[in-house]
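Following: one structure in structure tokens, then a few remarks.
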Amino acid sequence: MERTSRAWPRFVAPAALAVVLLTVWELAVRSGVISEEFLPTPSALAVRFFTEIVDGPLLQYTGVTLVEALLGTLIAVLVAVPLGYLIARVVWVDLALTPYVTASQAIPAVAVAPLLALWIGYGLTPIAMLCAVVAFFPMLVTTILGVRALPSDVIEAARLDGANWWQTLLWVEAPLAMPSVLAGLRAGTALSITGAVVGEFTMGGRGLGMLLTLFRDANDTEGLFATLIMLVILAVGLFTILRVLDAVLTARSCARSADTLNSLDSLDTDEIHLVPPAEPSPKGSAHV
């Protein structure tokens, strides 16, 4: 009950703020303070968004952007997580690569897109690569921080118990660093949506970036806002799914740790009774 009373303000406060902002927005447009040509009312946007989903191509374009973003995120994970582990664990890799990785963040994604189109061509592959470039850095940084923050005494204890490098990585380092890796994955996934839109702006495609271009050329403000709303829903949805996954994995890790401690406690208790008490010799037995 106490936990519920603490949690409800987290939902009520943003919902109340949203209601206030939407009401002010609706009244400002309807009263003529803001022209509806530049900023449609929330009610008009809700109707247009529903129409684009039911009768328009919004869902089809959303599916294309989602595939591009997820593929780019997968590429970024496969590169950033192992590289982040190496940078955190191997000193010469850290000294050699960190300056170049940091300098690469000075290059905007818009400047990388024409190079990818020149090297790879057009279509799904270069856009997915651009998403990977955008999502790479936060995943790399959180992986490095997560690995470097691992408690050394736990790792040393695992090695003293006979665990080799692979067992230590799989059963000790990976579970402990998982929250940091998932935090970078959440940030990278949200950024990959932006990368997909930028890629479609510069390299074409059949996603939401192309739909934004079509609505912009047609001066369709409502269509632009409907597409932006879908982008927000897409990014927030992916972020929320990963947040739930993080909570589930954290709960399982805590439960596994508790089971391990309980088993160790019971083992220690049983060890006390391993040696049976000495029985007294029977009466009348012969003594040597």
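How large is the Kirkwood hydrodynamic radius of the stretch 14-172, counting all unique pairs of alpha carbons, in Å? Write down the numbers at each step before the final one.
Working: mean 1/r = 0.0490 Å⁻¹.
Hydrodynamic radius (Kirkwood, Cα only) of the stretch 14-172 equals 20.4 Å.
Could you calculate the FRET efficiency of Val54 with Leu214 from 1/(1 + (r/R0)^6), where r is the beta carbon distance between them and R0 is 30 Å, rounded to 0.05? Provide the component values of the computation, followed by the final result.
Numbers: r = 18 Å, r/R0 = 0.62.
FRET efficiency, Val54 to Leu214: 0.95.
³J(HN,Hα) across the stretch 185-201 via Karplus (A = 6.51, B = -1.76, C = 1.60, θ = phi - 60°), whole Hz, x for Gly/Pro?
5, 4, 5, x, 5, 5, 5, 5, 4, 4, x, 5, 5, 4, x, 6, 4
Computed over the Cα atoms, what is the radius of gyration of the stretch 200-249 divided by 2.2 N^0.38 Å, N being its residue count?
Details: Rg = 14.5 Å, N = 50, 2.2 N^0.38 = 9.7 Å.
Rounded to two decimals, the normalised Rg is 1.49.
Given a Förster distance of 30 Å, report the FRET efficiency between Ile107 and Ile233 from their Cβ-Cβ distance, rounded to the nearest 0.05.
Details: r = 30 Å, r/R0 = 0.99.
Plugging the Cβ-Cβ distance into 1/(1 + (r/R0)^6) gives 0.50.
With a 1.4 Å probe and every protein chain left in place, work out the accessible area per residue of the chain in Å², rounded to a whole number.
Numbers: 18150 Å² over 288 residues.
So the chain comes to 63 Å² accessible per residue, rounded to a whole number.
Describe numerically, in nm with one decimal, the distance between label points set 7 Å from Cα along Cα→Cβ at Glu156 and at Val79.
3.7 nm
In a solvent-free Debye calculation with one equal scatterer on each Cα, what is log10 I(q)/I(0) for the stretch 150-197 at q = 0.13, 0.31 Å⁻¹, listed in the order of the q values?
Debye curve over Cα of the stretch 150-197, log10 I(q)/I(0) at q = 0.13, 0.31 Å⁻¹: -0.43, -1.05.
Tally up the carbon and sulfur contribution to the accessible surface of the chain as a whole percent, 1.4 Å probe, everything protein left in place. Please report the intermediate quantities before stating the final value.
Values: 12800 of 18150 Å².
For the chain, the apolar C and S fraction of the accessible surface comes to 70 percent.
Pairing the Cα long axis of helix 42-54 with the longest principal axis of the chain, what angle in degrees results, from 0 to 90 and rounded to the nearest 10?
Result, in degrees: 80.
Let me know the whole percent of all Cα-Cα pairs from the chain that are separated by more than 22 Å.
On the way: 29435 of 41328 pairs.
The share of Cα pairs beyond 22 Å in the chain comes to 71 percent.
For Val67 and Val24, what is the calculated FRET efficiency with R₀ set at 35 Å and r taken between the beta-carbons, to the nearest 0.05? Present the calculation step by step, with values, prior to reporting the outcome.
Working: r = 38 Å, r/R0 = 1.07.
Calculated transfer efficiency: 0.40.
The values are calculated or read from the model by the stated rules, or taken from the named source; none is laboratory data. Note that the structure is predicted; figures quoted are calculated from it, not measured. Reconstructed Cβ throughout: ideal geometry from the backbone, glycine too, with neighbour counts over all protein chains shown. Side chains included, ligands, DNA and RNA excluded: accessible areas come from the protein's heavy atoms. Shrake-Rupley method; radii C 1.70, N 1.55, O 1.52, S 1.80 Å.
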